[in-house]
Amino acid sequence: MSTEILISAIGLAAAFALMAILIFKQLSPILIGPIAAILVCLTSKLPVFETVTTTYMQGVMGFFVSYFFIFLLGNIFGSLYQVSGAARQIGSIISSKFGTKNAMWACMLPAAILSYGGINSFVIIFAIYPVALKIFEDADLPTRLLPGIVCGGMWTFAMTGPFAPQIPNIVSMGYLGTPAYAGLVPGICSSLFMALTIIWYMNYRCKQARLRDEHFEWPEGVERPDDNEPAPNGWLSIVPIALVLVLFNVAEIDIVICLLIGIAAAVIIFWNYLPKKAEMKEIMNKAALTSITVITNTAVIVGFGSVVKGIPFYQFAIDVLMGSEANPYLVAAIGANIFAGILGSASGGISLVYESIGDVFLEYGQQGYNLEFIHRLAADGCGGLDSLPWNGSIVSVFAICHTTHKKSYLDAFITGLVIPMLATFVVDLPIILLMG
């Protein structure tokens with residue numbers, strides 16, 4: 001490793017450490033992203049002004065343009081459920097069916113079902129958060145635990161498992177020519193491991209909270225519906241969410257159009273339970289402003305990943321993986337984790353894995369290695385190190401859930417990073433090595 005690459009690696013590590021510290025100090029991601037990008041430029045001898053104003057901003061704007069309407073419409077959709085009392089009604093139904101002792105299952109399964117339905121996580125969190133609040137209220141649990149279980153539902157087995165219509169599976173299918181159920185046996189085993197371990201861990205955290213005499217408190221800044229106010233029928237309230245799910249997966253309509261239809265359905269069904277015109281205007285304005293803040297906080301971190309792709313150490317990491325003599329299955333698992341960690345994104349990480357070393361995987365296939373196993377390891381692997389503190393999605397989820405890294409990151413770290421990594425290396429890999 002040359003001195004230039006070594007300094008570049010040190011700079012990247014320092015940028016990661018700085019981002020983590022500043023995020024925990026609650027400095028705005030809008031400041032953190034550019035600061036980290038500048039540090040990486042300085043240690044990798046990249047032209048600072050040109051890189052920050054072009055490469056970095058292109059990454060920021062690319063994400064913003066791609067997801068603006070999803071964030072905006074998703075927030076409005078969730079707000080309609082919140083202010084109408086529909087979320088409260090759905091939460092009551094789920095709580096009554098599961099019971100307060102099974103509150104973690106009650107929160108995780110709806111998020112997992114929506115994720116397995118192909119819905120983007122940014123839409124899921126807007127739809128699930130108000131419902132989960134009611135479940136947590138009935139169970140009298142502190143809301144700081146909420147992101148841990150919801151993230152565990154939408155970002156782990158439901159995002160990477162067999163048949164999941166999410167990016168880790170879709171990109172793997174497209175590049176390797178494998179089916180959605182590739183690596184079915186290890187995939188099912190790792191998915192069950194993740195689901196059960198997440199529930200066990202979160203139930204343990206709930207017991208700890210009760211021993212500390214922690215209770216549910218309504219989050220500041222969130223409009224609280226009056227429990228005595230009339231609200232829509234709980235079962236009927238599920239219709240707009242189900243409509244979005246069916247239109248997106250069965251009719252294969254663009255998610256933005258699906259959300260518009262879902263919002264229209266929600267307005268019609270909830271009409272008699274929505275606030276008056278003046279108050280509703282204020283609520284919609286607030287939802288719009290919140291969506292801008294959340295997407296911006298995410299985009300500025302994604303932009304940092306665009307800069308990282310141009311540093312010397314990044315190319316060095318690719319060359320090491322391509323020239324590795326390690327077992328190909330291990331290369332797939334480690335490579336997916338490394339790229340996801342560097343970019344702070346599962347979807348970005350899996351895309352770059354195939355873009356950078358995909359040809360090597362195809363060569364492995366020609367040598368007799370099972371591409372379906374490589375598919376499964378890469379898909380599960382990208383759901384591991386993606387959940388580091390600077391992950392833009394985590395920043396967004398915490399903002400939507402009105403919490404902070406200091407309060408909630410430990411649980412998101414365990415359910416979104418530690419458990420998926422264990423599933424990849426302790427469940428997936430040994431089974432594949434035995435079968436392959």
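The values are calculated or read from the model by the stated rules, or taken from the named source; none is laboratory data. The structure displayed is predicted, hence computed values, not measured ones. All Cβ positions, glycine included, derive from the backbone under ideal geometry; neighbour counts span all protein chains shown. To get the accessible areas, we keep the full protein, side chains included, count just its heavy atoms, and leave off ligands, DNA and RNA. Shrake-Rupley method; radii C 1.70, N 1.55, O 1.52, S 1.80 Å.
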Task: Criterion (modelled with pLDDT of 85 or more and touching a Leu at 6+ places or on another chain (Cβ under 9 Å)) met by exactly one of 411, 380 - done: 411
Task: residue 44 vs. criteria touching a residue at least 40 places away in the same chain (Cβ under 8 Å), of a type in the set (S, T, N, Q), open to solvent by less than 50 Å² (accessible area, probe 1.4 Å) and farther than 26 Å from residue 309 by Cα - done: no
TODO: Quick one: count up the residues across the range 1-31 that are at pLDDT 90 or above, β-branched (Val, Ile, Thr) and more than 13 Å from residue 314 (Cα to Cα).
DONE: 1
Task: Selection from the range 65-86 of residues that are of a type in the set (A, V, I, L, M, F, W, C) and under 19 Å from residue 290 (Cα atoms) - done: 65, 68, 69, 70, 71, 72, 73, 76, 77, 80, 83
TODO: Can you confirm whether the range 173-183 contains a residue that is open to solvent by 10 Å² or more (accessible area, probe 1.4 Å), out of contact with any helix residue (DSSP H, G or I) (no Cβ under 9 Å at 6 or more places or on another chain), of a type in the set (A, V, I, L, M, F, W, C) and farther than 16 Å from residue 115 by Cβ?
DONE: no
Open item on the list: Give me the residue from the range 49-81 that is open to solvent by less than 50 Å² (accessible area, probe 1.4 Å) and more than 22 Å from the chain's Cα centre (by Cα) and, out of that set, nearest to residue 238 (Cα to Cα).
Closed with: 80
Task: Any chance residue 387 is open to solvent by 10 Å² or more (accessible area, probe 1.4 Å) and under 13 Å from the mean Cα position of the chain (by Cα) - done: no
Task: Residue pairs meeting the criteria (Cβ under 7 Å; at least 6 apart or on separate chains; first without any contact (Cβ under 8 Å) to a residue 60 or more places away in the chain and over 11 Å from residue 132 (Cβ atoms), in the range 88-105; second assigned to a helix (DSSP H, G or I) and charged (D, E, K, R)) - done: 100/138
Open item on the list: Any residue in the range 60-82 that is under 26 Å from residue 231 (Cα atoms) sitting within a Cβ distance under 9 Å of a residue that is outside any helix (DSSP H, G or I) and acidic (Asp, Glu)? List the pairs, counting only those 6 or more apart or interchain.
Closed with: 79/223; 82/223
Open item on the list: I need the full set of residues from the range 245-284 which are of a type outside the set (A, V, I, L, M, F, W, C), open to solvent by 40 Å² or more (accessible area, probe 1.4 Å) and not in a helix (DSSP H, G or I), in order please.
Closed with: 252, 254, 276
- [ ] For the range 401-436, name all the residues that are part of a helix (DSSP H, G or I), within 30 Å of residue 27 (Cβ to Cβ) and either open to solvent by 10 Å² or more (accessible area, probe 1.4 Å) or free of Cβ contacts under 8 Å to residues at least 40 places away in the same chain (or both).
- [x] 405, 406, 407, 409, 410, 413, 414, 417, 418, 421
TODO: Go through 300, 294 for me and flag whichever is assigned to a helix (DSSP H, G or I), under 21 Å from the mean Cα position of the chain (by Cα), buried (at least 18 other Cβ atoms within 10 Å of the Cβ) and modelled with pLDDT under 80.
DONE: 294
Open item on the list: Against the condition open to solvent by 30 Å² or more (accessible area, probe 1.4 Å), among the small types (Gly, Ala, Ser) and out of contact with any Phe, Trp or Tyr (no Cβ under 6 Å at 6 or more places or on another chain), how does residue 28 come out, does it pass?
Closed with: yes
Task: Qualifying residue in the range 373-381 (condition: open to solvent by 10 Å² or more (accessible area, probe 1.4 Å) and under 17 Å from the mean Cα position of the chain (by Cα)) - done: no
Open item on the list: Checking residue 121 against (1) under 17 Å from residue 287 (Cβ atoms); (2) modelled with pLDDT under 85: exactly one of these is not met. Which one?
Closed with: (1)
TODO: Look through the range 340-358, keep the residues that are more than 16 Å from the chain's Cα centre (by Cα) and either on the phi > 0 side of the Ramachandran plot or not small (Gly, Ala, Ser) (or both), and return whichever of them is most open to solvent (accessible area, probe 1.4 Å).
DONE: 355
